[in-house]
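As structure tokens, the structure follows; a few thoughts come after it.
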Amino acid sequence: MNKKILITGGAGFIGSHVVRLFVNKYPDYRIFNLDALTYAGNLENIRDIQNAPNYTFIKGNIKDIDFINSLFQKHRFDAVIHLAAESHVDRSITHPNDFIETNVLGTANLLNAFRDTWKDNFKGKLFYHVSTDEVYGSLGKTGLFVETTSYDPQSPYAASKASSDHLVRSYGNTYGLPFVISNCSNNYGANQFPEKLIPLFIHNIKNNKALPVYGDGNYTRDWLYVIDHAIAIDEIFHKGENEETYNIGGFNEWTNLNLIHLLCELMDDRLHREKGTSAKLITFVKDRAGHDRRYAIDANKLNKELGWKPTVTFEEGLAKTLDWYLENEEWLKNVTTGSYQEYYKKMYGNK
Ligand code: NAD
Ligand code: TYD
């Protein structure tokens with residue numbers, strides 16, 4: 001088979017789990033992991049597969065048109081699984097242009113290079129775009145996002161992802177470029193950068209630091225274990241219909257406050273602290289600007305058409321996640337001090 005697959009953002013949180021799954025499960029595929037190693041990219045996340053014979057890491061930026069064009073000319077990738085993105089809503093509020101440049105222009109660069117590589121002969125080729133449920137905006141107390149829900153992005157992050165989704169669909173319509181898109185709910189699990197809710201709060205509880213709850217804390221998110229997201233991407237990549245969109249979610253809604261109390265209880269138990277100790281760290285802070293009240297995904301299309309469903313319960317997934325963060329203190333220390341950049345230099349020189 002020897003399919004050449006470019007996975008972008010494979011040193012990040014979700015990308016590293018996707019790269020690992022593809023490298024281990026498909027020895028006949030050649031997996032190229034393209035990542036700029038921004039603050040969120042960390043080669044330690046995929047240290048275990050770095051010497052696999054079907055794996056190549058390429059350091060590079062999807063914003064760099066000439067680099068992207070020459071990369072595609074050189075390797076003629078049969079498929080792209082595109083995860084590279086600026087991904088944190090709070091950063092998009094302070095630095096929106098970074099999101100427009102990477103998420104919109106970077107995606108356009110990949111689409112153009114993929115189109116120019118295969119021109120009209122797209123048989124057997126696929127551009128898989130990984131997106132978020134945040135493109136749909138905010139739900140009221142009831143209802144779920146389905147694939148036909150109108151886009152209504154509310155943050156610069158969501159708007160940049162919505163733009164990239166639209167671009168991908170427009171290339172399908174205009175140039176016949178084969179694509180699939182998936183829109184997933186909030187992920188949690190090992191290797192998530194500790195600026196997102198769950199890893200940040202684990203880190204802070206452990207270090208007896210305040211737990212900053214935005215607004216009244218009654219915001220709702222639907223949480224999915226990251227490995228179940230990677231499994232869904234594998235299913236959609238191989239069995240998804242051309243030009244289709246699939247929503248991926250955990251059927252698992254939590255208000256932030258309920259989730260934070262659960263985290264506190266589980267951490268008290270693991271750290272042998274008296275019950276209620278960690279919850280004392282909860283501190284209500286100023287709300288996020290334009291904060292979306294509720295996200296919830298209806299993932300029944302993916303379940304009915306491709307047979308996917310989460311393999312891990314929230315209880316199991318959270319337990320694995322907490323244990324991973326507690327056992328990988330060094331990883332946390334490195335990403336919070338930036339010393340993993342040293343690891344890259346040691347491994348790859350200045351390539
Ligand atoms: P992440 O921030 O952990 O990782 C992003 C990766 O992309 C990093 O390795 C980073 O170095 C790389 N990157 C960033 N800018 C780049 C550029 N210009 N060129 C090349 N590489 C670049 O993000 P994540 O949480 O793993 O999210 C991955 C994808 O999944 C994103 O597209 C995101 O929108 C989507 N998504 C995330 C979630 C979630 O809960 N985290 C949910 C649904 C969808
Ligand atoms: P986050 O993990 O940033 O994901 P997203 O904004 O993409 O859903 O945040 C999850 C929820 O937790 C969201 O409602 C914002 C809230 N939150 C806090 O209350 N405090 C925090 O310090 C963070 C990072 C998030």
**OP:** Please determine, by comparing only the residues of the range 272-290 that are surrounded by 14 or more Cβ atoms within 10 Å (Cβ to Cβ) and either of a type in the set (A, V, I, L, M) or part of a loop (DSSP other than H, G, I, E, B) (or both), which one is nearest to the chain's Cα centre (by Cα).
**Re:** Arg288
Original post:
If you take the residues in the range 7-18 that are part of a helix (DSSP H, G or I) and not aliphatic (A, V, I, L, M), which one is nearest to His88 (Cα to Cα)?
Top reply: Phe13
Original post:
Residues in the range 19-27: is at least one assigned to a helix (DSSP H, G or I), within 15 Å of ligand 1 (Cβ to nearest atom) and either hydroxyl-bearing (Ser, Thr, Tyr) or open to solvent by 10 Å² or more (accessible area, probe 1.4 Å) (or both)?
Top reply: yes
**OP:** Sort out which residues of the range 169-204 are within 12 Å of ligand 1 (Cβ to nearest atom) and assigned to a helix (DSSP H, G or I), and write them in order of number.
**Re:** Leu197, Ile198, Pro199
Original post:
When you go through Ser155, Ser163 one by one, which is the residue that is open to solvent by less than 40 Å² (accessible area, probe 1.4 Å), among the small types (Gly, Ala, Ser) and in contact with a helix residue (DSSP H, G or I) (Cβ under 6 Å, 6 or more places away or on another chain)?
Top reply: Ser155
**OP:** Hey, could you check the range 55-102 for residues that are hydroxyl-bearing (Ser, Thr, Tyr) and within 24 Å of Val135 (Cβ to Cβ) and say which is surrounded by the fewest Cβ atoms within 10 Å (Cβ to Cβ)?
**Re:** Thr94
**OP:** Please determine, by comparing only the residues of the range 244-271 that are under 25 Å from Tyr157 (Cβ atoms) and open to solvent by 50 Å² or more (accessible area, probe 1.4 Å), which one is nearest to ligand 2 (Cβ to nearest atom).
**Re:** Trp254
Original post:
Are any of the residues in the range 243-250 in a helix (DSSP H, G or I) and touching a residue at least 24 places away in the same chain (Cβ under 8 Å)?
Top reply: no
Original post:
Scanning for something open to solvent by 10 Å² or more (accessible area, probe 1.4 Å), within 16 Å of ligand 2 (Cβ to nearest atom) and under 23 Å from Val335 (Cα atoms), does the range 35-45 turn up at least one residue?
Top reply: yes
**OP:** Answer yes if at least one residue in the range 123-132 is surrounded by 24 or more Cβ atoms within 10 Å (Cβ to Cβ), in contact with a strand residue (DSSP E or B) (Cβ under 9 Å, 6 or more places away or on another chain), in a helix (DSSP H, G or I) and touching a residue at least 60 places away in the same chain (Cβ under 8 Å), and no otherwise.
**Re:** no
**OP:** Kindly indicate whether Lys320 is assigned to a helix (DSSP H, G or I) and either over 23 Å from Ile202 (Cα atoms) or not assigned by TED's automatic domain parsing to the domain that holds Lys209 (or both).
**Re:** no
**OP:** Test Trp331 against the stated conditions and say whether it is buried (at least 18 other Cβ atoms within 10 Å of the Cβ), in a loop (DSSP other than H, G, I, E, B) and touching a residue at least 24 places away in the same chain (Cβ under 8 Å).
**Re:** no
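The values are calculated or read from the model by the stated rules, or taken from the named source; none is laboratory data. It should be emphasised that the depicted structure is a prediction, and the values quoted were computed from it without experimental measurement. As a convention, Cβ positions derive from the backbone with ideal geometry for all residues, glycine included, and neighbour counts pool all protein chains shown. Accessible surface areas use protein heavy atoms only, side chains included; no ligands, DNA or RNA. Shrake-Rupley method; radii C 1.70, N 1.55, O 1.52, S 1.80 Å.
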